[in-house]
Amino acid sequence: MEGDSTQLLTAPHVQATLLAEAVQTAEVGFIVWDDDRHYIAANAAACSLLGCTLEQLLGSVVGERTVEGEELVERVVRGHGGRGRVVFERFDGGRAEIEYLTFATKTAGLPYMASVIWPAK
């Protein structure tokens, strides 16, 4: 019986569902952005950290609210990712600071950048 449950868990559609649910309910923010530096996906924690709704975030430009702006985004993209800390203007007003880990990834077979974000301590 144990072999059957392991076999079920290794099925690609089961793994995709489990990972998608884990990302959506994670306590850290997860965002995905395209070559044009537009946000294309985010979980609820990312929206909460950034002070916005998903509708406000999607299509907005990565880095346009950070103090370092596009310069920071270009450094991260050129390095194919990285880890750091950034101060930014929240969508709902005020400033906040987050830490991030950004990396190149593929979603639906297409190349994107993804970031995991959390409050700076």
Worksheet item: So which chymotrypsin sites (Phe, Trp or Tyr not before Pro) in region 54-121 pass both tests, a DSSP loop state and at most 15 other Cβ atoms within 10 Å of the Cβ?
Response: Phe91
Worksheet, complete the sentence: Expressed in nanometres to one decimal, the distance between label points 7 Å along Cα→Cβ at Leu8 and Lys121 is 3.7 nm
Worksheet item: Which loop trypsin sites (Lys or Arg not before Pro) in region 1-84, with loop taken from DSSP, have no more than 16 other Cβ atoms within 10 angstrom of their Cβ?
Response: Arg37
Discussion item. With just the Cα atoms defining each centre, how far is region 68-88 from region 1-32? Give it in Å.
Written reply: 29 Å
Worksheet item: Once the piece of chain linking Glu55 and Arg85 is laid out straight, how much longer is it, given 0.36 nm per residue of separation minus the C-alpha distance between them?
Response: 8.3 nm
Worksheet entry | Accessible area of the chain divided out per residue, in Å², using a probe of 1.4 angstrom | 62 Å²
Response to the item:
Labelled set (1) 32, 15, 9; (2) 29, 16, 13; (3) 24, 15, 13; semi-axes √(5λ) of the Cα gyration tensor in Å computed from this model equals the value at (2)
Fill in: Fraction of accessible area attributable to carbon and sulfur, the chain (%, probe 1.4 Å)
57 percent
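The values are calculated or read from the model by the stated rules, or taken from the named source; none is laboratory data. Computed from a predicted structure; not experimentally measured. Every residue, glycine as well, gets a Cβ built from its backbone with ideal geometry; the counts of neighbours run over all protein chains shown. Accessible surface is based on the protein model in full, side chains and every heavy atom, while ligands, DNA and RNA are left aside. Shrake-Rupley method; radii C 1.70, N 1.55, O 1.52, S 1.80 Å.
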